[in-house]
1. Counting just the residues of region A:8-46 that are part of a helix (DSSP H, G or I) and in contact (Cβ under 8 Å) with a residue 40 or more places away in the chain, which one comes out nearest to the other protein chains (Cβ to nearest Cβ)?
2. Which members of region B:334-357 meet the condition of being in contact (Cβ under 8 Å) with a residue 12 or more places away in the chain, surrounded by 10 or more Cβ atoms within 10 Å (Cβ to Cβ) and closer than 25 Å to B:Glu306 by Cα?
3. Determine whether B:Cys235 is assigned to a helix (DSSP H, G or I) and either out of contact with any strand residue (DSSP E or B) (no Cβ under 8 Å at 6 or more places or on another chain) or surrounded by 13 or more Cβ atoms within 10 Å (Cβ to Cβ) (or both).
4. Report yes if B:Cys135 is closer than 24 Å to A:Gly124 by Cα, surrounded by fewer than 24 Cβ atoms within 10 Å (Cβ to Cβ) and without any contact (Cβ under 8 Å) to a residue 40 or more places away in the chain, otherwise no.
5. Do you know which residues across region A:330-355 are closer than 30 Å to B:Leu205 by Cβ, surrounded by 15 or more Cβ atoms within 10 Å (Cβ to Cβ) and modelled with pLDDT of 95 or more?
6. Of the numbered conditions (1) more than 9 Å from every other protein chain (Cβ to nearest Cβ); (2) of a type outside the set (Val, Ile, Thr); (3) touching a helix residue (DSSP H, G or I) at 6+ places or on another chain (Cβ under 9 Å), A:Ala85 satisfies every one except a single condition; which is it?
7. Restricting to helices (runs of 4 or more DSSP H) lying wholly in region A:187-252: which have 1 or more residues that are surrounded by fewer than 19 Cβ atoms within 10 Å (Cβ to Cβ) and within 12 Å of chain B (Cβ to nearest Cβ)?
Amino acid sequence: MSAKEMALNTPMLNELESGDWPSFVTDLKAYSKKRPVVAQLLNQLEESYQTKWNYWQGKIINAPGYGGGIIARGSDKSDKYPGLANFHTVRVIEPPGWVYSTDALRDLADIAEKNGAGILQFHGMSGDVLLLGFDDAGSLQCAEDLMNNGWDIGGSGAAMRTLQCCVGQARCEMACYDTMKMTKHLTDTFIHYLHRPEFVYKFKFKLSGCPNDCANSIVRSDMPIIGTWRGAMQVDQKKVAEFIDQKGMEYLIDNVLTRCPTRCLSVRGKELVVDNSDCVRCMHCINVMHKALKPGKDRGATILVGGKRTLKIGDTMGAVLIPFIKLETDEDRDNFTDFVEKVWEFWNDNGMDHERIGEFIYRIGMLTFLKGVEIEPDPRMINRPRTTSYIKFEELGPSRFDGERQQNPPVWNRESEGRETM
Amino acid sequence: MSQTTLAPRDQGAPDYTKYLHPLMAKNYGKWDYHERLRPGVLVHVGESGDKLYTVRAGSPRTMSADTVRKVCAIADKYCEGFLRFTSRSNIEFLVGKKENLDPLIQAVEKELGWPLGGTGPSVSNISHTQGWLHCNLPGSDAAGSVKALMDDLIEDFKNEQLPNRVHISSSCCQINCASHGDISIIVQHHHAPRINHKNMQICELPKVVAICPAAAIRPATINGMETVEVVEEKCMYCGACHGQCPSMEIRDAQTDTLSIWVGGKMSNARSAPTFMKLAVWGIPNNPPRWPEVSAAVKTILKAYKEGGKPWERLGEWIERIGWQRFFEKTGFPFTRYHIDDSPEALSTLNRSAMLRL
């Protein structure tokens, strides 16, 4: 990296120094005195502001033994900004729930500053800590230093991506399972798949402790894991009465009872009556009356599949795959990881290149997918049964097909080269 | 350079138990309830009676090592050395001793200059992407446009005066890394990619053909070179090919614009999660402060603030009053482009005689 001093010339960026929101421009300008390459970065960014054009090209660099985690960039204008010729980002797996000690944060700052431009981001959209501005050697030394200090680099490419979760049981009364522990368990169990991209495309987990989904799992992850409970929610009638005394009956009616999506709440005197058989665990009443109401005691999670943003088939929300699963013991967690491997095997054996699992399900159909991953259909998986009548009822096909090879065998028992059956 | 022993060590996620505030560790899984003491300040009360205070502030997400150290010095002084970040890049200082609360707030506001807020029914920090600062695909900036927009929305960050929380996201291309939000800003391209046929050898052509969601790309030989061509009528300017192949340039500084989408919601509270929908398009990509974006977002927030009922998220408010009235109240024109023509389009039509006339 060139240590060449370059005068800052950022009239447009300077306009981002006014106003009450903290300015990264002010911060980086001051820091450029310590790290001259940051001046080059700001000057190039200024040029982008002037021309409305981007000057970064993607590159490839990997730490030995790793297939991702370093997001390599080089500037188109490296003649002008030599320090940006190689200016990579290193993704670092964040502590689950984004909790830090100051020692840990200082360690990251020191490693970022020692090996590169000393710019950090908390956090990237993938959940990772991002350390910016390393040349090739600096990237590798950064990775080395990170690993020596107990960190690990994050995922990129067609791999299991870095996981993220809400704060969960560490600081929330609503968390229905231990999101941090589960995040660490999945990360550590499947770390091979995170570091060495070998899937047809990326695969993301996000973990939320309750259906408020603070980790935004349902549309941002291929396998959302959302905490929930079975049976009755917990109601403290004394605190219900206190809530009514404090807020008034009208508030209860307008903001709790009538907002229940399945109308399973009613009130008798100052007692809340809950028809738990109709409760869909939306969390609204608990959010409003969180002293009086709590999730039930038999807790676990709902597993969904296929959430992602719009490319290529349009947005897909995660869809219910396992309505309820316990995630309390090591055995529970291991059962789940076994299931995940089965899902991955079916997807990777049959998915097309660059096909996310949601797109794969869109192409082959959920009923085929369920058979492939050996999950029994459940009415909680759908909003309504099908309306189209064109159906291949396998059980009702004419007997003359008995013993014959099906013309169009379903994908799960199609023969593939080199193997008898899947 | 020190010696490199780098090899796959596969160390996995950091041991978070080392990073838990002592009161988090003690009350792990045993929290009873929480309260918002004022915008930006929460208290979580354990079954044990322990109280853990949280001071939430807006961070710029991108920070220098020196700024990180400044944050650490404050957390060492008042937070027993522990803090966390939220999924929207807010910082949360964790305070075990109530007497540290006021001096901490002073330090965060005065020394760091970071505003308190983002709790309850407020505008939270904006989820955003990398933009011109460090991405290879962007049509706009992210950190800068977010800074400019949050300057303009700061009163709604610092105060809890909206019907419910508002999550905003800002993305610099159609991949939309910042994802859905109550309000979301996305770059929009307006013509097919320009192909640099001389530089197609850097791309895997079958992958370029396969990635097109509109099946608009097909192999071609031009001047004896193996390349691709784009069927312009089919191309919908998404830029998927550009992500796959840098020689297929989708961006255009002269014609790219921004659009604003509303009504995305991830939470299951009250109603099922929803995708965001197009509100207004054709907004100029106007650095350094994108005033037209701020004006449109403020228009949406004003109408929502006036019309939304308590606890109603922005999309829920619109669903209740109807999209017709949303366009009336914001003054945004309803155009033919608001009518979906994607594969999901038929489910977006009003197939009933239920109308507001």
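The values are calculated or read from the model by the stated rules, or taken from the named source; none is laboratory data. No experiment lies behind these values; they were computed from the predicted model shown. Glycine also receives a Cβ, built like all others from the backbone with ideal geometry; neighbour counts cover every protein chain displayed.
1. Taking region A:8-46 and keeping what is part of a helix (DSSP H, G or I), we get A:11-14, A:24-31, A:37-46.
From the residues that got through so far, the ones that are in contact (Cβ under 8 Å) with a residue 40 or more places away in the chain too are A:28, A:31, A:37-38, A:40-41, A:44.
Values: A:Leu28: 6, A:Tyr31: 4, A:Val37: 12, A:Val38: 8, A:Gln40: 13, A:Leu41: 8, A:Gln44: 8 Å.
In this case the residue turns out to be A:Tyr31.
2. Those that are in contact (Cβ under 8 Å) with a residue 12 or more places away in the chain, surrounded by 10 or more Cβ atoms within 10 Å (Cβ to Cβ) and closer than 25 Å to B:Glu306 by Cα: B:Thr335, B:His338.
3. Spelling it out, it is not the case that B:Cys235 is assigned to a helix (DSSP H, G or I) and either out of contact with any strand residue (DSSP E or B) (no Cβ under 8 Å at 6 or more places or on another chain) or surrounded by 13 or more Cβ atoms within 10 Å (Cβ to Cβ) (or both).
4. yes
5. Result: A:Trp344, A:Phe346, A:Trp347, A:Asn348, A:Asp349, A:Asn350, A:Gly351.
6. Only one criterion in (1) more than 9 Å from every other protein chain (Cβ to nearest Cβ); (2) of a type outside the set (Val, Ile, Thr); (3) touching a helix residue (DSSP H, G or I) at 6+ places or on another chain (Cβ under 9 Å) is unmet by A:Ala85, namely (3).
7. A:191-195, A:237-247
Residue-by-condition table, conditions (1) crowded, with 21+ Cβ neighbours inside 10 Å; (2) at pLDDT below 95; (3) among the hydrophobic types (A, V, I, L, M, F, W, C); (4) out of contact with any helix residue (DSSP H, G or I) (no Cβ under 7 Å at 6 or more places or on another chain):
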position	(1), (2), (3), (4)
A:Leu257	no, no, yes, yes
A:Thr262	no, no, no, no
A:Ser266	no, no, no, no
A:Met283	yes, no, yes, yes
A:Met289	yes, no, yes, no
A:Leu311	no, yes, yes, no
